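Note sheet for the following structure.
All of the numbers you see were taken from the coordinates with simple rules; none came from a lab. All of these numbers come straight from a predicted model, not from anything done at the bench.
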């Protein structure tokens with residue numbers, strides 16, 4: 001396979017990580033297609049792939065830090081404890097400041113690309129690009145419903161290429177696929193059952209043989225805005241060639257199902273309405289969401305598409321695009337999907353995201369000097385504080401809550417000794433102002449979404465943080481025990497629970 | 001719509017397994033040292049046990065999604081909290097400390113052995129023994145009210161949800177018993193004043 005570049009190719013401030021043969025060639029060469037889908041990025045640009053989580057120097061640094069911490073705790077536990085807590089408190093303050101700044105920047109508005117219905121519809125068909133819609137599906141018996149939802153997309157059918165990506169051993173979905181009414185623009189692609197068995201591998205396999213100019217992904221449960229493809233086309237033209245992708249907003253159609261879905265709605269609302277536009281305003285890399293990101297296909301090929309070894313391949317791709325010299329915009333169009341209504345399923349999903357964030361951070365700081373030159377200081381700050389800080393500080397939350405509870409219930413002087421005055425007052429700032437400001441963000445988001453019914457959920461957000469802590473802790477543990485394990489989120493629970501409730505009512 | 005008939009022969013061993021685990025947890029709860037319990041507090045405890053049993057053995061419309069990592073994290077949390085409460089508050093002297101330590105110990109074991117989902121079903125019963133441990137609620141009239149409330153809740157729950165259907169309960173893996181058994185023994189020994 002002599003098609004991949006070993007050294008990233010830089011032209012016009014844009015980096016190409018992978019040189020992929022034309023789609024028509026790959027369509028004929030199945031072995032090469034499989035190889036590129038599974039190992040393309042890892043072979044051509046291993047520094048950008050999560051195939052191995054830690055490089056040598058990272059392993060050494062982690063080992064030295066761990067040994068230093070253990071030695072400190074053995075030789076002088078109090079001093080070591082104070083130093084660690086002081087560093088963590090400083091990290092909390094930095095993360096809080098960064099989040100507040102992002103939120104403020106995002107809440108000002110003006111960073112989301114808005115395309116009106118009229119403008120979207122006004123583009124003549126002959127000026128629209130060909131568009132590939134990738135839909136990775138796994139154990140999805142209701143494929144027919146999914147296709148019906150995608151049929152609502154307002155886009156000329158002769159320019160549309162919908163690809164349902166099925167795993168070869170997924171007989172349940174294959175049976176459902178056979179029952180779909182055949183359509184010219186919908187094709188079923190069977191992805192070989194080879195490791196890594198992940199969504200990004202399936203996306204690569206489906207994408208690399210597509211000849212379209214633009215490409216997007218939807219999940220099986222998604223219900224996109226019918227004009228979203230047209231809006232994305234207009235947005236990309238408006239933004240210009242420096243933009244490789246626009247990320248549409250995600251919302252939920254079952255947001256009122258229970259308290260968890262309400263919290264999730266606020267979480268996503270804040271993320272897509274304020275945080276992502278804030279990142280755009282700051283010029284920091286934008287971690288993409290799992291669906292509804294609309295790419296220029298040529299750029300996606302050049303940056304190596306999705307890393308099949310990364311469990312948050314979407315966030316990783318956002319960073320890789322930024323490092324390659326491209327920007328990501330936020331599109332004012334909403335895809336509705338299912339909010340996870342089950343707490344255990346939610347923890348599994350969130351822990352995968354957190355694990356992927358840490359994985360992504362470790363991948364992108366392998367060459368600190370290079371990444372600083374590619375992202376700039378603000379971008380690196382975003383990478384450290386936002387991508388690594390979010391899961392790691394969430395994982396530490398439980399430790400500090402436990403310390404607080406232990407102090408209030410025992411007044412143990414050993415706990416007081418860990419907090420000399422400076423650390424104590426900074427910690428109090430985090431505890432009081434930090435928690436209040438995060439609560440305020442929730443209330444603000446409820447107001448912004450014009451959803452007064454979400455207000456009680458916004459005020460009860462600390463309980464949601466408890467779930468976040470569990471997910472973060474699980475992520476950190478799993479990063480050590482199973483770094484590339486893809487924890488599948490079960491979808492369709494909204495439907496199942498509605499059916500069960502109806503059955504219960506009927507009986 | 002008539003609910004499908006329950007396949008009792010297949011269900012019975014599973015119910016028995018889970019009932020044994022709940023029974024063992026009740027024994028752990030009782031084994032925690034505590035000052036002489038008032039009759040009222042025992043009424044709360046019996047009510048809590050009845051409610052927990054009903055909550056576990058009634059029908060649930062929930063997905064069959066479990067997470068072993070989460071079970072272990074929560075199990076460790078419960079066991080560590082029990083150890084902390086028993087040692088720091090001197091469970092043998094203070095009824096509420098004993099109640100909190102015993103409840104945390106039971107929850108830790110339940111999370112580890114039965115898993116997060118099933119333990120969360122029983123969770124609404126946890127306040128009953130804690131309330132019984134509050135000295136002001138330990139009188140016989142207060143205990144009778146607590147017991148009546150728990151039993152009423154259990155009856156309403158059983159009538160509304162119906163009995164546990166086949167497929168809802170999983171077989172208890174015996175290997176899951178080892179860690180909580182050792183940890184619970186250590187916590188109880190520490191609570192009884194054994195030092196090493």
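Some notes on this structure:
- Taking 1.002 mPa s as the viscosity and 20 °C as the temperature, the Stokes-Einstein diffusion coefficient of region B:137-196 based on its alpha-carbon Kirkwood radius rounds to 135 µm²/s.
- For the protein assembly as shown, the Rg and Dmax computed from alpha carbons only, in angstrom: 27.7, 86
- When restricted to Cα atoms, region A:181-338 yields an Rg and a Dmax of 15.8, 47 Å, respectively.
- With eigenvalues of the C-alpha gyration tensor scaled by 5 and rooted, chain B, Å: 29, 22, 12
- Computed log10 I(q)/I(0) for region A:288-401 at 0.10, 0.19 Å⁻¹: -0.34, -1.14, from the Debye equation with unit scatterers placed on every C-alpha and solvent omitted.
- The fraction of all Cα pairs in region B:56-162 landing in successive 5 Å bins from 0 to the largest distance is 2, 12, 17, 18, 18, 17, 11, 4, 1, given as whole percents.
- Helix axis angle, A:435-448 relative to chain A longest principal axis, alpha carbon, degrees: 30 degrees
- Size descriptors for region A:447-492: radius of gyration and Dmax over Cα atoms are 15.5, 43 Å.
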